[in-house]
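Data first, discussion second: the structure below is written as structure tokens.
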Amino acid sequence: MHEARKGKLVSIDDDFNGAVNQAAQIFNEGGVFVYPTDTIYGIGGDPFNVNTVARINSIKGRDESKRFILLIDNLERLLSYVNVVLDKHFDFLHSIWPNPVSVILNLNHDSAKHLGSKTAAFRIPHHRFSRSLISEIKKPIISTSANRSGQEPLLERDFINYELGPELDCIFYSEKKSHKVASTLVDLTGNQPVLIREGIVKFEDLMASYE
């Protein structure tokens, strides 16, 4: 197994604030890194930086037409990127987050123009590092599984480093236990929530919050 390059691996457990600052710097410089979330490890970067997006697609060998899940830290910031017309939908989001539940929403005009899509999936994660990083950079962050397209997500630091390390600017990791299942994905662009992918949170439980 490859040895990590100097400075390649950063423990968020050893120096939490330092790790957040390092990740924010890499993000702002257009870099690409892996970081822990409330589900599986994610490849992160700036969704509004076309070079960053192209680099992540290249690392994953991913179809450029596929969209990423974006992590956000609070509803107030989310509303600067999306249009949530129905009060019932806003109440639904308020009731389910923070949680490993990603929701496809209609983008506002400016966001749609910059992201090249009318919709995007967002999540407020139940994870301190993710939310602290987003609060620091004050922008959404890409969260796509750490793996090559078509392969299983890499769940351990050493496997991520072996498979993807040379192509990343940094791997931020934690020894603390995390979920090893992807987020539940729900489409909220219409009048009713529609299940796209069921993850660790059951859709029927989410719908109990919608009634």
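Brief remarks follow.
- Of the residues contained in region 90-106, none is found to be in a loop (DSSP other than H, G, I, E, B) and of a type in the set (G, A, S).
- For E64, the stated conditions hold: it is free of Cβ contacts under 8 Å to residues at least 40 places away in the same chain and in a loop (DSSP other than H, G, I, E, B).
- Answer residue from region 153-211, given it is assigned to a loop (DSSP other than H, G, I, E, B) and free of Cβ contacts under 8 Å to residues at least 40 places away in the same chain and is surrounded by the most Cβ atoms within 10 Å (Cβ to Cβ) among those: E198
- When S135, S130, S143, S58 are checked against the criterion of being within 28 Å of E167 (Cβ to Cβ), assigned to a helix (DSSP H, G or I) and in contact with a strand residue (DSSP E or B) (Cβ under 6 Å, 6 or more places away or on another chain), S130 stands alone in meeting it.
- Residue in region 123-135 that is under 18 Å from the mean Cα position of the chain (by Cα), among the hydroxyl-bearing types (S, T, Y) and buried (at least 21 other Cβ atoms within 10 Å of the Cβ) present: yes
- Picking from residues in region 27-55 that are part of a helix (DSSP H, G or I) and aliphatic (A, V, I, L, M), the one that is surrounded by the most Cβ atoms within 10 Å (Cβ to Cβ) is V53.
- Selection over region 116-164 of residues that are over 22 Å from D73 (Cα atoms) and of a type in the set (V, I, T) gives a count of 1.
FYI, it's all coordinate maths here, none of it is from the lab. Because the structure is a prediction, the values reported are computed rather than measured. Neighbour counts run over all protein chains shown; Cβ positions are idealised from the backbone, glycine included.
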